[in-house]
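Before any comments, here is the structure.
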Amino acid sequence: MKRVLTIVAAAVVLIGCSQNELLIPRTEVTFGPSTVSTKALINPWGSENGEISFPEAESFAVSAIVDDNPNNFLMNNVVIENKEGEWKAASDNVYLWPEKGTVDFYAYYPYSADNAELKMVNETFRWNLTNVNLGSAIGEQADPLVATTNDQIATEMPIVKMVFKHISSQVVVTARDATTRDELKGKIRLKEVRVGGVSVTGDYLDGPEPGKGGEWSNLDNTTEFVLFSGDEYLTQEDRYLSIDSMTSIQDKSALFVVVPTPLKVDIQTISVVYDIDEFSLNGQIYSARPNQKATVSLYDYNKNWEFKAGVRYVYHLGFSMNGANNEIRFEPVVSGWEQEDINDIVFDCFAGKY
């Protein structure tokens, strides 16, 4: 995951001055990071929308280039952490603003010295992150982030504002009893929900705008997440799945992140297992039906048939007994006879010999 930093002013270093000359003091480079949240896993209790503070216990990496000169690095993959309220270099090295010119800053989270490279693509620097692994354990995944801040000039309070963007997609699933007929409600027990065929590993090349239009490659489309495994009656309330139980609070749900990718028919799926209790309808008793199974393709439900970076996809599953009311029944009747009158049959009683 990427770390976001918020820095307070650093110590001012005075550079000598003559009687008629005052030089602008050079100050230490510090950061003021935040995260644009669909909901960052690194801070799961944060706001659903807008910016949230980067967790102080985390750190991120920064590269900085002076005057767009690829040979003039002010910082090169420097780890930044929170030191007593100020976000700055984790090492004892002090990084000062240049006396003139501008600086472009590029940051990513989580730190990986061996798998992160700042590349020049179409005259723009972009992060190339290789062997990214989001992880397959719910609640323990990485939530990779990137940020860029261009053309920064030192001021008296040179805090670099950095807004980190998600480069993965997030998935969460809810379930409810969608039955409308009162005597059929409360008969469905959810047993299992899985999401399969999704990717959690690959290489990432950032786009011109951080977190937007990035390219993923070398994907692995074999990962399956178990979002619920238990035995719980569904209610009319839409509740989030949470491994072995359900909750109305999204923050405690079994949400997870995946690699943004185009969806394919019948590859990325939601599969469910559920029980139907015995019930009666129209004077007839229907036996219980355990371990019913069903599968749907995410391709059929996602707009534009793809997962996009920085987007949370909430799949609302409705389980309904309404179909029980659709039993094929008949109302037989017998049609009356249609009458046709045949008239004018005449016997001529005087027509023979006599």
- Note on Leu281: of the conditions (1) surrounded by 14 or more Cβ atoms within 10 Å (Cβ to Cβ); (2) at pLDDT 95 or above, unmet is (2)
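Can we say Phe307 is outside the structural domain of Leu241 (by TED's automatic domain parsing) and among the hydrophobic types (A, V, I, L, M, F, W, C)? Give the derivation first.
Details: outside the structural domain of Leu241 (by TED's automatic domain parsing): no; among the hydrophobic types (A, V, I, L, M, F, W, C): yes.
It is false that Phe307 is outside the structural domain of Leu241 (by TED's automatic domain parsing) and among the hydrophobic types (A, V, I, L, M, F, W, C).
Surrounded by 10 or more Cβ atoms within 10 Å (Cβ to Cβ) and either farther than 30 Å from Pro262 by Cβ or of a type in the set (S, T, N, Q) (or both) - does that describe any residue in segment 305-317? Walk me through how you get there before you give the answer.
Taking segment 305-317 and keeping what is surrounded by 10 or more Cβ atoms within 10 Å (Cβ to Cβ), we get 305-317.
Within this subset, residues satisfying the condition of being either farther than 30 Å from Pro262 by Cβ or of a type in the set (S, T, N, Q) (or both) are none.
The answer is no, given that none of the residues of segment 305-317 is surrounded by 10 or more Cβ atoms within 10 Å (Cβ to Cβ) and either farther than 30 Å from Pro262 by Cβ or of a type in the set (S, T, N, Q) (or both).
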- Item | Answer residue from segment 170-202, given it is buried (at least 19 other Cβ atoms within 10 Å of the Cβ), within 20 Å of Val257 (Cα to Cα) and among the polar types (S, T, N, Q) and is nearest to the chain's Cα centre (by Cα) among those | Gln170
- Message: Just to check your reading of the model, which residue among Val132, Val160, Val173 is assigned by TED's automatic domain parsing to the domain that holds Glu28, in contact with a Phe, Trp or Tyr (Cβ under 6 Å, 6 or more places away or on another chain), in contact (Cβ under 8 Å) with a residue 60 or more places away in the chain and within 27 Å of Tyr313 (Cα to Cα)?
- Response: Val132
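Grab the strands (runs of 3 or more DSSP E) fully contained in segment 248-354, keeping just those with 1 or more residues being closer than 28 Å to Asp238 by Cα and of a type in the set (Ser, Thr, Tyr).
Working: elements: 256-258, 269-276, 279-281, 284-286, 289-297, 312-319.
Correct list: 269-276, 279-281, 284-286, 289-297, 312-319.
Applying the selection to segment 318-340, what residues are under 49 Å from the mean Cα position of the chain (by Cα) and either among the small types (Gly, Ala, Ser) or under 11 Å from Leu184 (Cβ atoms) (or both)? Break it down stepwise before answering.
Narrowing segment 318-340 to residues under 49 Å from the mean Cα position of the chain (by Cα): 318-330.
Selection gives Gly318, Ser320, Met321, Asn322, Gly323, Ala324, Asn325.
Inspect all residues belonging to segment 291-299 and state whether any of them is more than 30 Å from Val163 (Cβ to Cβ), modelled with pLDDT of 95 or more, among the β-branched types (Val, Ile, Thr) and in the same structural domain as Arg239 (by TED's automatic domain parsing). Please lay out each step first, then the result.
Just the residues of segment 291-299 that are more than 30 Å from Val163 (Cβ to Cβ), to begin with: 291-297, 299.
Next cut, modelled with pLDDT of 95 or more only: 291-297, 299.
Among the residues that remain, those that are also among the β-branched types (Val, Ile, Thr) are: 295-296.
Next, from what is left, pick out any that are in the same structural domain as Arg239 (by TED's automatic domain parsing): 295-296.
Yes, there is a match, as at least one residue in segment 291-299 is more than 30 Å from Val163 (Cβ to Cβ), modelled with pLDDT of 95 or more, among the β-branched types (Val, Ile, Thr) and in the same structural domain as Arg239 (by TED's automatic domain parsing).
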- Boolean, Tyr313 is among the hydroxyl-bearing types (Ser, Thr, Tyr) and either touching a strand residue (DSSP E or B) at 6+ places or on another chain (Cβ under 6 Å) or over 30 Å from Asp266 (Cα atoms) (or both): yes
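The values are calculated or read from the model by the stated rules, or taken from the named source; none is laboratory data. Treat the numbers as computed from the prediction; the structure is a model and nothing was measured. Cβ atoms come from the backbone with ideal geometry, glycine included; neighbour counts cover every protein chain shown.
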